[in-house]
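A short write-up of the structure that comes next.
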Amino acid sequence: MIDVSLALPFTLGIVTAINPCGFAMLPTWLGYFLGRDTADGEARPEQVLRGLSVSLTLTAAFVLVFGALGLAVNTMVSEEAIATKTPWVTVILGAAFVPYGLFMLTGRQLRIPFFKPGRGPSTTELWSILGFGVSYAVVSIGCSAPIFLLHVAGSFGRDGIVDGIAVYLAFAAGMAAVVTSLTLSLAVARGGLARHLRRLLPHFDRIGAVALMLGGAYLIVYGVYEIRILRDARAPSNPIVDSVTDLQSHLTNWAANVGGPRLGLALWLVVATLVVWGLGPALATRPRRWLWMVAGGAWGVAEGLVHRGDLLVIPVGRLIGDWPARIGNWIDDPVRWATPLEALLTIAVLLVAWASVHGAISDRRR
């Protein structure tokens, strides 16, 4: 019997995905996946399964590193000793991302052990994703380790092995909700765009390369900033770090206001729907119908009975209705923290809509 609340560790998992130290790693990962995804020519089920497998592999690597951290702090080393080393690792990782992105931008490949090129979810590529997950965890230790050690790793001593495992798995499920939903959505969107607009593929590669370079540059800046703070707590702040931290704080506050369990439920329902949609062509009619009935029933219970339409329907409707005013704010307040995210989302939606219309017209002409 599990006697502890799992809402807090689940919420901590969601927030950890966008922690201040590793905040740049999430868009860097998405850019890497966007630029390195070579499964466009495969059928929809293979694309969805690949997106699911690599995102869960990344999450597994992240939470295993944090689990090893908890074990190490309790048995071998101090938290302070680890915290003094991770900024240097952050700088080294950033210095590796920049040339890798530069070589991708020029159409060449720089051989880095963690990032060996592969096609499909092969053993080589899974090792590559594991390396990315380990990197994500290491650069996140400075900000997320204290909370993780207190609320997650500490639960083993407070509540026992069974409850501690449940808390640890809830933390992993929260982390996976963010990474999996974003990665899977990106895989589906890229696959649809590539099927209808092959000319966009080189641009995907360039976007991924730029994301790696920007992420690497920020990791260098943030690592140097952490080293300065460790040496002198009165060291002046860094405007770049302050801007990114402000953006991360807004996202964290938004997640807290929405509520971790509610946000996580919505993300996992989106993942389940994408998986059912992706696997549909590979299934017979009856299993496919049953899967859609299960997914629809889950949405009906969660959206209709539990949240009364306020899980996704009402918030998304309100967001769409407010979008013209948000676009107007781009000119009135261009330095607002949400402006770049809103602009990227608008471009992504327009590209997907354009590809869908273009594909439908092409299919009719055939």
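Which ordering of Ser78, Ser155 is given by a fewest-first count of other beta-carbon atoms within 10 Å? If you can, show how the numbers build up before the last one.
Values: Ser78 10, Ser155 23.
The most exposed by this proxy come first: Ser78, Ser155.
For a footprinting-style exposure proxy, rank Cys21, Cys143 by other Cβ within 10 Å, fewest first.
Working: Cys21 23, Cys143 20.
Least crowded to most crowded, the residues run Cys143, Cys21.
With springs only between Cα atoms under 10 Å apart, run a GNM on the chain and tell me which of Ile227, Ile347, Ile147 wobbles the most.
Ile347
Of all trypsin sites (Lys or Arg not before Pro) in segment 286-362, which ones are in loop regions per DSSP and have a Cβ with at most 10 other Cβ atoms within 10 Å?
Working: sites: Arg288, Arg289, Arg308, Arg318, Arg326, Arg336; in loops: Arg308, Arg336.
Here the trypsin sites (Lys or Arg not before Pro) that fit, given the DSSP loop and packing criteria, are Arg308.
List Phe148, Phe156 from most exposed to least, where exposure is judged by having the fewest other Cβ atoms within 10 Å. Walk me through the intermediate numbers first.
Working: Phe148 26, Phe156 18.
Listed from fewest to most nearby Cβ atoms, that is Phe156, Phe148.
What per residue convex hull volume, in Å³, comes out for the chain when only alpha-carbon positions are used?
Values: hull volume 62.8 nm³, N = 366.
So the per-residue Cα hull volume is 172 Å³.
Read-outs: derived from the displayed coordinates by stated rules, not from any lab. Predicted model only: the values in this text are computed from it and were never measured. Ideal geometry is used to build each Cβ from the backbone, glycine not excepted, and the neighbour counts take in all protein chains shown.
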